[in-house]
Number of protein chains: 2
Amino acid sequence: MKRAANAGAGGRVDKGTVELGADLLGGVSLPAAVIHEAPLAHNLAWMQRFAEAHGARLAPHGKTTMTPALFRRQLEAGAWGITLATAPQCRAAFAHGMRRLLMANQLVGRANMAMVAELIAAGAEVYCVVDGVENVRQLGRFFAERDLKLAVLIELGVPVGRCGCRDQAGVEALAEAIAAEPALVLAGLEGYEGVVHGEDPAAAVSDYAQRLVETALALDAAGRFDVAEPIVTASGSAWYDLIAEAFQAASLDDRFVPVLRPGCYVVHDHGLYREAQRDVLRRRPDLQHGLEPALEVFAQVQSLPEPGLAIVALGKRDIGHDQLPVPLRRYREGGAPDATLSVAGWQVAKLMDQHAFVHLPDAADDVTVGDIVAFGASHPCLTFDKWHHLLLVNEALEVQDSLATCF
Amino acid sequence: MKRAANAGAGGRVDKGTVELGADLLGGVSLPAAVIHEAPLAHNLAWMQRFAEAHGARLAPHGKTTMTPALFRRQLEAGAWGITLATAPQCRAAFAHGMRRLLMANQLVGRANMAMVAELIAAGAEVYCVVDGVENVRQLGRFFAERDLKLAVLIELGVPVGRCGCRDQAGVEALAEAIAAEPALVLAGLEGYEGVVHGEDPAAAVSDYAQRLVETALALDAAGRFDVAEPIVTASGSAWYDLIAEAFQAASLDDRFVPVLRPGCYVVHDHGLYREAQRDVLRRRPDLQHGLEPALEVFAQVQSLPEPGLAIVALGKRDIGHDQLPVPLRRYREGGAPDATLSVAGWQVAKLMDQHAFVHLPDAADDVTVGDIVAFGASHPCLTFDKWHHLLLVNEALEVQDSLATCF
């Protein structure tokens, strides 16, 4: 058996060592983060198909997983590039062979600028976003001193939102400032609808998508873009349908490169995004067989100290906890994957760093210390970043690969 | 300049690369987790002195930091051993030279047992805790089959607590079960007062400490312990004074090895443990110049999109978020450490994965994109685990070392 590499420089030994081919129910140290191959493959193909059907490119947000093996799967499925959130993330993606990097964030700080300058000098195609004149001047100076060009996208925001120009006047002033910096190349327009709110959220997102389209058209009409095919990009994993529809309705792809950037879709979830996906499918009944949750954390019952209570060896160190994890299935250690035991009525009541308090129903009299419970979580980003390795498993729960992360 | 190693196996590049000697305000990619040397050194010495003054040994909980360089500092300061929470953590500590490992947790699952068996076979002195007959039988069988001895401590819990025997009868039944397993060595008694609650929490903790003492004495009187000097251990970083006092009042060290296990003390915090420490100093005015916060995360203002709002490049990926982070100081990028700018009235209103929304007071008209803000957090464990490296800095904010973690 091949042993999955997990000893890094300096003899580092991380949680997550495993023999490839090992049985998740018998030969693997738990807790372990697990990705199921079948729903993963389904999601990869599904979102690529969705983007293409709407005339858009896909640049999946890599911050979700920071897992180069998944980036490669996304590119193989047809993705145009990888989106990242920070300069170190761009550097990590480039080190693993990703060449087109959309940093959907402001590039701030001389050390981070130096990192991106190194990537550009090494041949990366990098885009970052700008939303303020001061930052534009900082970038212009930094890259001019190094005789490099930096491609930037203007970020369009919303009042009381996150980053981004609040209005048309801000966008125009920024375009002016970019034009005054010879080192900067205005390559498009960027937005993020996930911070748009309104009484009718779907309507607010559609309005915002429309503003993005109109702003792109106005910048183009004013001759502001410095590239032949400017990028127009938005979308997380909750409202991608509305963004794609607005881009398609405006036939953006005749003139621009429309780019969608969902990240969480790749493993989906058992919380926030499952809800969001239900809304997508309600809005778009033509989209059949939607995304499927692929990420789970397997952990073992550690103690049964009193009736009705199981302490499971699963904590905030192991799984995202924006919402409490959800027990999905139970197995006997060493048992067969198809002989699942009940978790009906099991409920996580509290999560500490290394322990979950699980309330059991009265009927749960067959549970034993060592029982393995598969948990789902909301918001996959904050589960991925707790692991140096995630285990890719097949339907027989055999470990097919150990996927390294690079947070 | 020496470049701090941060490229692991497979060319992995993590956030946290830095030139040693670099100026934190000029040459370092932010956000970065930072440990200040002076308060760190103070805390290391302070807690060691506290333990010794109470006739107790110190086995700092390593799960807090999982930073071998800090484990070494703790041992150099006089610690008796390192406490860990899981088998993979024990393996990581052993791989970095720690020999005496107190796993203050149940050892569950055959893969985890195999990991501990390997450590014992390799010469580690490992203790783990037990609280149920089924787990005792599992361990007894597993280690007997390998002709190894496993040292266990009985865990004493409390009703509606976490793990641990709920009453004396449970303890006695467990001691009986351990005695029936030739591979198991009953080496002491363990407890954790952090999950003890009551109307008067301090009184409840003291009562629990007293129960621990009495239970240890009763087990000893019944000849249950299999070692010459059994261990009696408890204490996190909030109630260590009450535990130490109870151990000292009973002169436990005449017969037992009393062991305290605080973890968070090493870098202390700006939230939960700061409050707890105030209570300790109120209870014990003789303890002068208490623990000092040593851990901060430095991040940069990324956007100033509208009046009264700064978006800082700091998110749930970078800092613990049981409570919202606290802005402590501000610096101009490239400026001097002593020329701090005001953060009076700055307040983190919301934390996303990669962004903090900071509300600014009306007077904050001197802030600029790129300004560096030092943030404090509550509960250091959940900041450490977000980093592969933390930067040790001196008072001039020069990077003295890059400390690798092994989560």
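The values are calculated or read from the model by the stated rules, or taken from the named source; none is laboratory data. All values derive from a computational prediction rather than experimental measurement. Virtual Cβ from ideal backbone geometry, glycine too; neighbours counted across all protein chains shown. These accessible areas exclude ligands, DNA and RNA; they are computed on the full protein's heavy atoms, side chains included. Shrake-Rupley method; radii C 1.70, N 1.55, O 1.52, S 1.80 Å.
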What pairs come out if I take residues in segment A:295-313 that are farther than 10 Å from A:Ala32 by Cα and among the charged types (D, E, K, R) and pair them with residues that are modelled with pLDDT under 95 and open to solvent by 10 Å² or more (accessible area, probe 1.4 Å) whose C-beta lies under 7 Å away, six or more apart or interchain? A:Glu306/B:Pro159
Given the structure, is B:Leu281 crowded, with 21+ Cβ neighbours inside 10 Å, out of contact with any strand residue (DSSP E or B) (no Cβ under 9 Å at 6 or more places or on another chain) and of a type outside the set (Lys, Arg)? no
Matching residues, segment B:69-87, being within 14 Å of chain A (Cβ to nearest Cβ) and either surrounded by 23 or more Cβ atoms within 10 Å (Cβ to Cβ) or within 19 Å of B:Thr233 (Cα to Cα) (or both): B:Phe71, B:Thr83, B:Leu84, B:Ala85, B:Thr86, B:Ala87
Being among the acidic types (Asp, Glu) and over 19 Å from B:Ala221 (Cβ atoms) narrows B:Glu172, B:Glu193 down to just B:Glu193
Failed item, numbered, when A:Val213 is tested on (1) farther than 25 Å from B:Met352 by Cβ; (2) touching a Ser or Thr at 6+ places or on another chain (Cβ under 8 Å): (2)
Determine whether A:His61 is out of contact with any Ser or Thr (no Cβ under 7 Å at 6 or more places or on another chain) and open to solvent by 10 Å² or more (accessible area, probe 1.4 Å). no
Being of a type in the set (D, E, K, R) and either outside any helix (DSSP H, G or I) or within 16 Å of B:Leu150 (Cα to Cα) (or both) is the filter here; which residues of segment B:177-222 pass it? B:Glu181, B:Glu190, B:Glu199, B:Asp200
Test set (1) within 16 Å of B:Pro159 (Cβ to Cβ); (2) at pLDDT 95 or above - B:His197 fails condition number: (2)
Just wondering, is there one or more residues in segment A:186-205 that are assigned by TED's automatic domain parsing to the domain that holds A:Asn105, open to solvent by 10 Å² or more (accessible area, probe 1.4 Å), in contact (Cβ under 8 Å) with a residue 12 or more places away in the chain and under 16 Å from A:Leu107 (Cα atoms)? no
Please go through segment A:287-328 and give me each residue that is surrounded by fewer than 22 Cβ atoms within 10 Å (Cβ to Cβ) and among the acidic types (Asp, Glu), ordered by number. A:Glu292, A:Glu306, A:Asp322
Which of the residues belonging to segment B:20-63 are within 14 Å of chain A (Cβ to nearest Cβ) and farther than 30 Å from A:Met115 by Cβ? B:His61, B:Gly62, B:Lys63
Residues that are surrounded by fewer than 20 Cβ atoms within 10 Å (Cβ to Cβ), assigned to a loop (DSSP other than H, G, I, E, B) and not basic (Lys, Arg), drawn from segment A:223-269: A:Gly223, A:Asp226, A:Val227, A:Ala228, A:Glu229, A:Ser251
Residues that are in the same structural domain as B:Val196 (by TED's automatic domain parsing), at least 1 per element: which strands (runs of 3 or more DSSP E) completely within segment B:58-166 meet that? B:100-106, B:125-130, B:150-156
Whichever residue in segment A:325-363 is acidic (Asp, Glu) and under 31 Å from the mean Cα position of the chain (by Cα) and, among such residues, is nearest to the other protein chains (Cβ to nearest Cβ): A:Asp353
In segment A:117-159, what count of residues is obtained for those that are in contact (Cβ under 8 Å) with a residue 24 or more places away in the chain, closer than 20 Å to A:Val196 by Cβ and touching an Asp or Glu at 6+ places or on another chain (Cβ under 8 Å)? 8
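If you go through segment A:377-407, how many residues are under 16 Å from A:Tyr331 (Cβ atoms) and crowded, with 22+ Cβ neighbours inside 10 Å? Outline the logic, then answer.
Restricting attention to segment A:377-407, the residues satisfying the condition of being under 16 Å from A:Tyr331 (Cβ atoms) are A:391, A:393-399.
Going one step further and asking which of them are crowded, with 22+ Cβ neighbours inside 10 Å, we end up with A:391, A:393, A:397, A:399.
Here the count works out to 4.
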Of all residues in segment B:272-311, which are in contact with a Phe, Trp or Tyr (Cβ under 8 Å, 6 or more places away or on another chain), β-branched (Val, Ile, Thr) and at the interface with chain A (Cβ under 10 Å from one of its Cβ atoms)? B:Ile311
Suppose the filter is within 19 Å of B:Ile311 (Cβ to Cβ) and open to solvent by 30 Å² or more (accessible area, probe 1.4 Å); does A:Arg99 pass it? no
So B:Leu397, is it within 21 Å of A:Gln89 (Cα to Cα) and touching a residue at least 40 places away in the same chain (Cβ under 8 Å): no
I'd like to check something: does segment A:336-344 contain any residue that is not in a loop (DSSP other than H, G, I, E, B) and not small (Gly, Ala, Ser)? yes
